[in-house]
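Remarks on the structure that follows.
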Amino acid sequence: MSSGVIYRRFAITIMISFIFSVVSFAQTTKEKKDSFPEKILDSVVIISRLKQSIIKQLPEVKGTYLFVGKKSEVINLEKADINRVDNNPRQLFSKIPGVFVYETDGSGNQVNIAMRGLDPHRSWEMNVRHNDIMTNSDLYGYPASHFNPPTESIEKIEIVRGSGALQYGAQFGGMVNYITKEADSSKKVSFETQNSAGSYGLYSTYNAAGGKIKRLQYYAYVNYRKSDGYRDNSDYKYFASHLHLVYAFSSKIKLRAEYNFMDYRNHINGGLTDKQFYENPRQSTRNRNYYSPIIHVPSVKLDYEINNNTTINFVSSAILGSRSSVQFIALSTVADTVNKTTNSYNPRQVDIDNYNSYAQELRLRHFYHLFSKKAILVAGVRYINNDLIRKQLGKGTTGSDYDLSLTDPVWGRDLTFKTKNLSVFAENSWTPLPKLSITAGVRFENGDTKMRGTIKNYNPGELPVNIAHHFMLWGFGSQYNINNNINVFANWAQAYRPVIFADIIPTTSFNKVDKKIKDAFGYNAEGGIRGKVKNFMHFDITLFYLNYHNRTGNIVLTDNNNQAYFYKTNTGNSHSKGAEVYVEVQPIKWITSYKTKWQLSVYSSTAYINAKYSKGTVVAGNINKDITGNRVEVSPEWISRNGVQVSYRGFSTTVQYSFTGSAFSDALNTVQPNSSGTVGKVPAYQLADWNFTYRFSKYYNIKLLVNNVFNKHYFTERPAFFPGPGGLYPSDGRTVLLSLGATF
């Protein structure tokens, strides 16, 4: 029997025995009414019609999750003047300092965010969740989050920085959790509709219904959105639907069944050179390229409150679906034109991923006393079984429509990437003094990945086919409550990022992969002060340090025949350090204590991020170059978003100014762009957004949303991945939307 099997069986046995021991103890121990007179309940956020959306931290305990001493934020969207029609991340996360956003198009079909110098590509450095259900397509194969719910369906967004890695998963970037609206439980049937139209042929309709019938609560929505797009050949169609049912068997047992579906198709317009961008950022270099993911997210969740002190939670979920594209892939300097020899276009490349990811998780929360002082234990076990099927480099048609047909049945890459992983964690918070909490936790990750299949014209013996994931992660933290409104906190937690599919697939026969390539490993450390001063100022100031070891990249080596080749391996380490500052002031409350229907809020959300390589080597031409001291790519030093919100009765308006500093597109920190626009500095940019909302007659609203008021031309990335390495991708210019809604 292999050591991996022994580890898994041992971990399962210990965890199950531990959980049931605690449950048994909790049931047989007499419950004293005064055991926990200040029992921590799940938070309920109540927002009046006139209050602004203030960023607050998560409660110390929420369900079976522990947040005391952690860097966390909650964005309440209902009263925020932001563009929710096309999921504008610049506005959704405007009050969260340090959120860097890729804006390759204005569709909102994909949210690309990261913090603290990490890569925003499809938020793949984060544990992305929807109603606590993980939506990363395959954590070990391709951890991108393709599923993206319409923001009009979201009540709030919860964020935990890297210190949440022990409870959620091992991601460096932490966790972002999109929480769907719940039904109006006072009605058997309630209805909501929001219909929008805007620039470049945008049309969106969001419709939801929900209610409560005896013990059953339900909520469902459908959303359809389409647009011609800001640039030529950037039209898209998006459809999403959702249904969740909650049945309360009793006050202690609750079952929730949920199903989510998303399907969209983007017309990809191709990258531009810098010269083309400055001539006309709306032009297109491709008209035959398409991309389309179809994602299903079913889940079942059971909550059982055994007694006042002990709760268990079980979740079974899946990510099922595909990600398909058909493209003519080449640099922006290569035109997609009719081949004079064949009198037709050249064949396109077809790529298809199929995701089959399953997760089962059992969690426990228990209140108890340690040395006569209050303590909270959260613990759990999670099993993940992923099966990623990747078919790439297929020879497609010469047509111009969305067609995944092959003209040659043999794929250039035909691979499977199967992962089984068991993780066990426990985290305990103890309150030795009335105002002081101390937290310690551990997470054990044990799994393996097996890659099988063929790569055309490549020796299978050169591929790593088995990758082991064995980690013991530790974390420590503390929180001191200066008073009821202000606390200071500090924590340190380890994290890792597994070697993924893209790390070990050679691009050509001249590329080789290190069979002993290692998972990235490191830690997050942070400390800060947060809270509010009376009722007119909220603040959160944090210093952080992120250490990231074993980054992957290419170096040049020479074989026995003195021929140079590219070797994919671990190329170095990096670190990010800096500060994150959020301050929001309501001057009217500060100046006067008189009640008034006017409200004014001024906020600033600013981050300084110093992300550099502490050690590293990459290829420049056919030479290995030391990049120690270079800035980490796609990591601006300064990100600042500032705004003013004014509201009176049903009127509310917000003006936001955003600044994002310059960033490098490669680890060599190349300043001057090359001829194709794939490498070079990404310039800093400044933007203004203005949104207006009027709520009237209790049931209705009208919204006017203006993105990029001054029509600035800018871009945020020169992508190495999607939408395809072939130049820079301009972001959208000025966009105006008008939205009408009603709730009954």
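Roughly how compact is the stretch 87-165, stated as its Cα Rg over 2.2 N^0.38 Å to two decimals?
After normalising by residue count via 2.2 N^0.38 Å, the value is 1.03.
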*From phi via Karplus (6.51, -1.76, 1.60), per-residue ³J(HN,Hα) for the stretch 624-637 in Hz, x at Gly/Pro*: 7, 10, 6, 10, 4, x, 6, 6, 5, 4, 6, 9, x, 6
_If I model the stretch 592-683 as equal point scatterers sitting on the Cα atoms and use the Debye formula, what is log10 I(q)/I(0) at q = 0.17 Å⁻¹?_
-0.81
*Ranked by Cβ crowding within 10 angstrom, fewest neighbours first, how are 430, 598, 124, 492 ordered?*
598, 492, 430, 124
*Using only C-alpha positions, report the orientation-averaged shadow area of the convex hull of the stretch 573-627, nm², one decimal.*
6.3
*Most positive-pole-ward Cα, 419, 287, 334, against dipole of the chain from beta carbon charges*: 419
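Across the stretch 556-633, how many lysine pairs, 8 or more apart or on two chains, come within less than 17 Å at their alpha-carbon atoms?
Eligible lysine pairs with Cα atoms under 17 Å apart amount to 7.
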*Three-way shape call for the stretch 96-249 based on the alpha-carbon gyration tensor, with the a/c threshold at 1.5*: oblate
*What is the spread of the Cα atoms of the stretch 285-358 along each of their three principal axes, largest first, in whole Å?*
77, 20, 13
_Among [x] 89.8; [y] 33.6; [z] 38.1, only one was calculated for this model; which label is it, if the read-out is mean projected area of the Cα convex hull in nm²?_
[y]
_Greater than 25 Å separation of Cα atoms is the criterion. Which listed pairs, 373/534; 340/395; 391/515; 340/681; 181/703, meet it?_
373/534; 340/681
*When the chain is fully extended, how far beyond the present Cα-Cα distance does residue 337 get from residue 416, taking 0.36 nm per residue of separation?*
25.0 nm
*Looking at the stretch 181-311, what % of the alpha carbon pairs are farther apart than 18 Å?*
68
_Spelling out what I want: for every residue of the stretch 566-576, take phi, set θ = phi - 60°, compute 6.51 cos²θ - 1.76 cosθ + 1.60 (Karplus), and round to whole Hz; glycine and proline get x._
8, 10, 7, 7, 7, 10, x, 10, 9, 9, 10
_Apply the a/c threshold of 1.5 to the C-alpha gyration tensor of the stretch 265-419 and tell me whether it is rounded, prolate or oblate._
prolate
*In whole angstrom, how long is each semi-axis of the equivalent ellipsoid of the stretch 674-744, when you take the square root of 5 times every eigenvalue of its Cα gyration tensor and sort them from largest down?*
37, 14, 8
*Placed amide H near residue 469: partners under 5 Å, 5+ positions off or other chain*: 447, 448, 449
_residue 515-residue 561 pseudo-label distance in nm [points 7 Å out on the Cα-to-Cβ vector]_ = 2.0
*Okay, which of the stretch 667-700 sit inside 15 Å, backbone N to the point 7 Å along the Cα-Cβ direction of residue 649?*
693-700
*Only Lys, Arg, Asp and Glu count, each charged at its Cβ (+1, +1, -1, -1), so figure out the dipole size of the chain about its Cα centre, rounded to 20 debye.*
1740
*For the stretch 472-557, build the convex hull from the C-alpha positions and give me its volume per residue in Å³.*
138
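How much FRET efficiency would the formula 1/(1 + (r/R0)^6) give for residue 205 and residue 590, where r is the Cβ-Cβ distance and R0 is 41 Å, rounded to 0.05?
My answer for the efficiency is 0.50.
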*Tell me, how many Å apart are the Cα centres for the stretch 502-551 and for the stretch 391-416?*
36
_Based on C-alpha coordinates, I'd like the Rg and Dmax of the stretch 529-590, in Å._
24.1, 77
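Report relative contact order for the stretch 345-423 in percent, whole number only (criteria: Cα-Cα under 8 Å, sequence separation at least 6).
Values: 163 pairs, mean separation 27.6, N = 79.
Across the stretch 345-423, relative contact order equals 35 percent.
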*So if R0 is 51 Å, what FRET efficiency would residue 187 and residue 442 give, r being the distance between their Cβ atoms, rounded to the nearest 0.05?*
0.65
_Distance between the C-alpha centers of the stretch 571-586 and the stretch 663-741? Whole Å please._
22
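Note the full-extension length gain between residue 508 and residue 700 as 0.36 nm times their separation in residues minus their Cα-Cα distance, in nm to one decimal.
Roughly 63.3 nm would be gained on extension.
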*Rounded FRET efficiency, nearest 0.05, which uses the C-beta distance separating residue 224 from residue 255 and R0 of 51 Å*: 0.95
*Spread of Cα-to-Cα distances over 5 Å intervals beginning at zero, given as percent, for the stretch 380-508*: 2, 8, 14, 12, 11, 10, 9, 8, 7, 6, 5, 4, 3, 1, 0
*Charges only on Cβ, +1 for Lys and Arg, -1 for Asp and Glu: so what's the dipole of the stretch 207-284 about the Cα centre, in debye to the nearest 20?*
760
*Determine the shape class of the stretch 225-302: with a ≥ b ≥ c the square roots of the Cα gyration tensor eigenvalues, call it rounded for a/c under 1.5, and otherwise prolate if a/b is greater than b/c, oblate otherwise.*
prolate
*Considering only 316, 278, 400, whose Cα is most displaced toward the positive end of the charge dipole of the stretch 268-410, charges sitting on Cβ of Lys, Arg (+1) and Asp, Glu (-1)?*
316
*Calculate, in nm to one decimal, what residue 401 and residue 602 gain on full extension: separation in residues at 0.36 nm each, minus their alpha carbon distance.*
67.5 nm
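A short reminder: the numbers here are calculations on the coordinates, not readings from a lab. Everything numeric here is computed off the predicted structure, so don't read it as measured data. Cβ atoms come from the backbone with ideal geometry, glycine included; neighbour counts cover every protein chain shown.
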